[in-house]
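Please treat every number below as a calculation from the coordinates, not as lab data. All figures in this text were calculated on a predicted structure; none of them were measured in a lab. Counting neighbours? That spans all protein chains shown, and the Cβs are built from the backbone with ideal geometry, glycine included.
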Amino acid sequence: MGRDWTILDYHEATKHHFHRYARSAGYMDWQNQPQPFRFFEGAKMVRLPLPDDIPDLPYADLYAAVPAAHRALNLHTLGDFFYHSLAISAWKSAGGSRWALRVHPSSGNLHPTECYLIAPAVDGLAGGVYHYNALGHALARRIDLPAEICSAWRDHFSGDGFGLALSTIFWRESWKYGERAFRYCLLDAGHAAAAIAIAARLNGWQAHCLSGAGDRQIAEILGFDRTVWHSLESEWPEMIFWISAVPQASAIPRTLPEHLVRPLATLPVSGRPEPLSRKPNPWPIIPRAAAATEKEPTSALVFDPMPQSDSCPGSGSRRASDVIRNRRSAVSYDPDKHIAADTFFAILERTLPRAARSPFEAGLPGPAVHLLLFVHRVEDISPGLYFLARSASPDTVSQWRPRCRPGFSWQPVRPDFPLFLLQSADMSYDAMAVSCHQEIAGHGAFAVAMVAPLTATVAERPFMYRHLHWECGMIGQMLYLEAEAHGIRGTGIGCFFDDAVADLMGITDGSLNSLYHFTIGHPVEDRRITTLPAYHHLHAT
Ligand SMILES: Cc1cc2nc3c(=O)[nH]c(=O)nc-3n(C[C@H](O)[C@H](O)[C@H](O)COP(=O)(O)O)c2cc1C
């Protein structure tokens, strides 16, 4: 009798190999390109104000153990929150085409992640479930929420705040990337989660992941089960947060009791989704992977942070708002430029899940992801392969060392910092080779492979497949922001040869898998591309 198909089968089937890429259409079907913005026909739209008094918070203060002075929850501060998390950040144009960039990045700029607000009545906004529309910087009202439901949520979470949920439209990503798209959607959702947690901090608010919530609960709250979706264009629930808008004296419950969900599950939903494509193509392995990783309601999942530390102080002279909204991917790097060692350590420090530090304090389960670093051009640091242990456990090195190449030195680089030199060597060729031969991985200051014990983590809890990728996306978002804060740039890399990374480490038993790559360095600007302001199209109407 054959064993059941699992998410590990999906993972295996969607690996890129040197001799064969994962299955995709293999060409760009431009006639069918999905719309990047979701509209619900018939749903009432509420415009969010564009900011007029952005908090003057220094970037470094986003990571303080205690949030900045909190701003009252109203239409203006909600507008600022979205403006700094999921809004359009600029328009680009070249060769007769024009496309929008957003505060959060997305593989191929396809933006499969959607966002919903479960909001109490505030000045200018009736209580309801709203979809955030980034094109119009507006909220589409999908469900009216009676005051007693809002009060029940407020009481459960001890004070002012709102619920916020992310969902995914797989077709937006599979249109280009085929079967591997499920992974990219999860990475993108992780980027969006970190963007949300950081934007909350700008208002002095705090994001709390409701890790005990089940997918069915999220779908019922958002009315997905009562929505008539176009074929292959439905949305899948990803995660849900409570964003507290007041200082919290005690821990926020991380579960969603049925008495909060059930009253919403029968409320009528307004607005019919507009079609995204003329004729979407099925990629049956993707809904299968989604079903294999579905999450039931559970108790809260454990987040085990690393202790607080000030061994690598971060940079903080720029305004938080400027760093967040100017984040961009580099398309090529200057191979003649180095970065300072202090910059290198400050960037790495922010990827660590320290206690009481955004965005990881949002409390997604883990950490389980470590960083394999290909260091190319960092002053005073020898080029080579390094390992950053992102874990509170002192046993991480002793756990992984026996499984890796016997020749690795595992030499600590600096006291009180969990970075270990594996081998000194020029790794630029290897970094490019494992990252689908992309030059960006070898021409920057350093490149990263995010590695995790995939098989062990998903064995009992297949839904952790999604969490591992979300964690990688959150790390990626930190790398982007830190690069921007230090006057350099980063680029996420979803295209990599999976098994080549394990081979490089000498891991032969499949116990450690690479899930996402990244690169950072001095960017080379593409001067053929013109930039336009984010919301010039709204001013024109
Ligand atoms: C999950 C993910 C995977 C990505 N993979 C690649 C990649 O393999 N190669 C590349 O050049 N850029 C890659 N990117 C960068 C995107 O193309 C970029 O984020 C997108 O075009 C939007 O541009 P922006 O980041 O400047 O907003 C990736 C981004 C993400 C979030």
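Kirkwood hydrodynamic radius computed over the chain comes to 23.6 Å, based on all pairs of distinct alpha carbons.
The distance from the alpha carbon centre of the stretch 93-153 to that of the stretch 260-321 is 14 Å, rounded to a whole number. Using a 4.7 Å Cβ-Cβ cutoff, the cysteines of the chain lacking any partner cysteine are 115, 150, 185, 209, 312, 404, 472. Placing +1 on the Cβ of each Lys and Arg and -1 on the Cβ of each Asp and Glu in the chain, which of 218, 100, 399 has its Cα farthest towards the positive end of the resulting dipole? Towards the positive end, the residue furthest out is 100. What is the stretch 43-172 by shape, rounded, prolate or oblate, if you read a ≥ b ≥ c off the alpha carbon gyration tensor as root eigenvalues and call it rounded for a/c under 1.5, prolate for a/b larger than b/c, and oblate otherwise? It comes out oblate by the Cα gyration axes.
The orientation-averaged shadow of the Cα convex hull for the stretch 247-307, equal to a quarter of the hull surface, comes to 9.2 nm². Ordered by the count of other Cβ atoms within 10 Å of each Cβ, fewest first, 57, 372 give 57, 372.
Taken over the alpha carbons of the stretch 12-82 as equal point scatterers, the Debye sum produces base-10 log I(q)/I(0) values at 0.19, 0.21 Å⁻¹ of -0.89, -1.00.
In the stretch 332-521, a dipole from Cβ-located charges (positive for Lys and Arg, negative for Asp and Glu) runs towards its positive end, and of 474, 372, 435 it is 474 whose Cα lies farthest in that direction. Packing around the peptides 455-463, 435-443, taken as the average count of other Cβ atoms within 10 Å per residue, puts them in this order, highest first: 435-443, 455-463.
Only one residue of 171, 236, 147 has its Cα farthest out toward the positive end of the dipole of the chain, where Lys and Arg carry +1 and Asp and Glu -1 on Cβ, and that residue is 171. Working from label points 7 Å from Cα in the Cα-to-Cβ sense, the residue 231 to residue 156 distance is 3.7 nm.
For the ranges 412-424, 181-193, 152-164, 200-212, what's the packing order if you count other beta-carbon atoms within 10 Å of each residue, average per peptide, and put the highest first?
The peptides rank, most packed first, as 181-193, 200-212, 152-164, 412-424.
Where a ≥ b ≥ c are the square roots of the eigenvalues of the C-alpha gyration tensor, would you call the stretch 151-293 rounded, which needs a/c under 1.5, or, failing that, prolate if a/b is larger than b/c, or oblate? Cα axes put the stretch 151-293 in the prolate bin.
Within the same chain, lysines fewer than 8 places from residue 295 are excluded, and of the rest, those with a Cα less than 29 Å from its Cα are 15, 176. Each principal axis of the Cα cloud of the stretch 281-353 was taken in turn, and the coordinate range along them, longest first, works out to 46, 38, 25 Å.
Computed packing ranks the peptides 123-134, 477-488, 42-53, 66-77 as 477-488, 123-134, 66-77, 42-53, most packed first, by mean other Cβ atoms within 10 Å. Residues of the stretch 466-507 falling in the label zone of residue 64, defined by backbone nitrogen less than 20 Å from a point 7 Å along Cα to beta-carbon, are 482, 485. Per-residue ellipticity at 222 nm computed for the chain from its helices equals -8000 deg cm²/dmol, with DSSP H segments shorter than 4 residues left out and the rest contributing -39,500 (n - 2.57).
The residues packed around residue 38, meaning those with a beta-carbon under 15 Å from its beta-carbon, carry a net charge of -3 if Lys and Arg are +1 and Asp and Glu are -1. Think of each Lys and Arg Cβ as +1 and each Asp and Glu Cβ as -1; about the Cα centre, that makes the dipole of the chain roughly 920 debye. Taken about its Cα centre, the stretch 16-114 carries a charge dipole of roughly 480 debye when the Cβ of each Lys and Arg holds +1 and the Cβ of each Asp and Glu holds -1.
According to the Cα-based calculation, Rg over Rh for the stretch 332-521 is 0.93, with Rh computed by the Kirkwood formula.
Under a model in which nothing but the beta-carbon of Lys, Arg (+1) and Asp, Glu (-1) is charged, the stretch 332-521 shows a dipole of about 400 debye around its Cα centre. Over all directions, the projected convex hull of the C-alpha atoms in the stretch 283-323 averages 7.2 nm² in area. Positive contributions from Lys and Arg (+1) and negative ones from Asp and Glu (-1), summed over other residues with Cβ under 14 Å from the Cβ of residue 479, come out at +1.
Residue order for 270, 244, fewest other beta carbons within 10 angstrom first, comes to 270, 244.
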